[in-house]
Structure formats: C-alpha cells, structure tokens
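The values are calculated or read from the model by the stated rules, or taken from the named source; none is laboratory data. On a predicted model such as this, the values are computed, not experimentally measured, just so you know. A quick note on method: Cβ atoms are made from the backbone with ideal geometry, for glycine too, and the neighbour counts reach across all protein chains shown.
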C-alpha cells in the first residue's frame, strides 16, 4: 500500500504511497484504515483541512496542547514544501531535535506526526497546497507554537513570510513542555 521511512524523531514517519499513472493522469491513495492500523498508526481523524501559501511562506511551528494534542498527517497536493517537525516530548531521545522532509505533489508523499511534535513548513514553489488530517478538533484554547527560528532549522529562504502570530511564539528554550515521551 505504501512504503514507510522512519525519521530520527521516534514515531514520526514519511509515507510514500503507490502512484498509479496512465494516459488520464495520476491516482494516489493517501489513507487506508486497515493498512494504518496494521502499522500501529492513528486511524481516527477528527478534522481535515488545507492551506494555500505562496513562495517563501513559513507556517509554524504549531501544535495543540493536552488534552487536545493530536496526531497529524500532512501532504502537499500542489507545489513543493520543506516540511519540518520538532520533538517536544520530555524524555524523548530526540527532544529538541528536528527532522526535515521534502513534500511535493509530484512525490505524493506524506508525513505522519505523533502527538508532542511541533510542525511547520516553508513553500519552495510559487504556490503550495498542504492538506492536514488531525486526530482532534481545532481548539483555540489549546492552540500553541514555538518560534520558527529557535531550534536551529536552516530554512531554505532568506525572505521568510510569516504571520504576526508565528513571529511571536516563544522560543523552544522558553517553552515549558507538557508533552511526555512514552
């Protein structure tokens, strides 16, 4: 159904589905409940949404706090992005570290992000559409983030376009993490 590549962040995976192509175009299956269950991955997603962003936009680094923290699966259906996750789980062998993935409509790959990780991305193409499947509904009270430039990520732009909200998140060093590695 798909190939799985582990990242240096425990539980964070890159999923590469099979791509079917013919004269009509392409067909990609991004989710299959039984296949996800067989690999111990979340199968119940409460919401799905997408964002449209232009070149050099950086979104992140976002997450939701407990008890509304969630598993997230992200993929790019138009364009290309550099996708980044940061481990915020106290006790994790990768705490404070980040992993980088290249997501694109052409590759049709996705990133499976367990609870306790911050997520963000930078748009490389003129425009990108990112789809997010999340395990809990959006909760403004639990919505949080850490500063995009506080964990040593080398972003692929010197002209970062960020929201005011994302610019004002605390640094990783200032963040008192409620996430525990299990």
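Name the one entry in 82, 100 that is without any contact (Cβ under 8 Å) to a residue 60 or more places away in the chain, surrounded by fewer than 21 Cβ atoms within 10 Å (Cβ to Cβ) and closer than 22 Å to residue 158 by Cβ.
Step by step, each of 82, 100 is checked, and only 100 is without any contact (Cβ under 8 Å) to a residue 60 or more places away in the chain, surrounded by fewer than 21 Cβ atoms within 10 Å (Cβ to Cβ) and closer than 22 Å to residue 158 by Cβ.
Would you list the strands (runs of 3 or more DSSP E) that sit entirely within segment 1-63 and hold 2 or more residues that are without any contact (Cβ under 8 Å) to a residue 12 or more places away in the chain, more than 16 Å from the chain's Cα centre (by Cα) and under 21 Å from residue 130 (Cβ atoms)?
Counting at least 2 such residues, we get 25-28.
So which residues in segment 9-28 are surrounded by 12 or more Cβ atoms within 10 Å (Cβ to Cβ) and over 16 Å from residue 75 (Cα atoms), if there are any at all?
9, 10, 11 - these are the residues of segment 9-28 that are surrounded by 12 or more Cβ atoms within 10 Å (Cβ to Cβ) and over 16 Å from residue 75 (Cα atoms).
If you go through segment 142-163 one residue at a time, do you hit one that is surrounded by 18 or more Cβ atoms within 10 Å (Cβ to Cβ) and farther than 19 Å from residue 57 by Cα?
no
Residues that are under 24 Å from residue 3 (Cα atoms), at least 3 per element: which strands (runs of 3 or more DSSP E) completely within segment 112-182 meet that?
117-123, 127-134
Looking at residue 134, is it under 17 Å from the mean Cα position of the chain (by Cα), closer than 24 Å to residue 19 by Cα and touching a residue at least 40 places away in the same chain (Cβ under 8 Å)?
Yes.
Every residue in segment 123-182 that is more than 23 Å from residue 54 (Cα to Cα) and modelled with pLDDT under 95, please.
Across segment 123-182, the qualifying residue is only 182.
Looking only at segment 87-100, decide whether some residue is out of contact with any helix residue (DSSP H, G or I) (no Cβ under 9 Å at 6 or more places or on another chain), under 30 Å from residue 27 (Cα atoms) and part of a loop (DSSP other than H, G, I, E, B).
Checked against the condition, which is being out of contact with any helix residue (DSSP H, G or I) (no Cβ under 9 Å at 6 or more places or on another chain), under 30 Å from residue 27 (Cα atoms) and part of a loop (DSSP other than H, G, I, E, B), segment 87-100 yields no hits at all.
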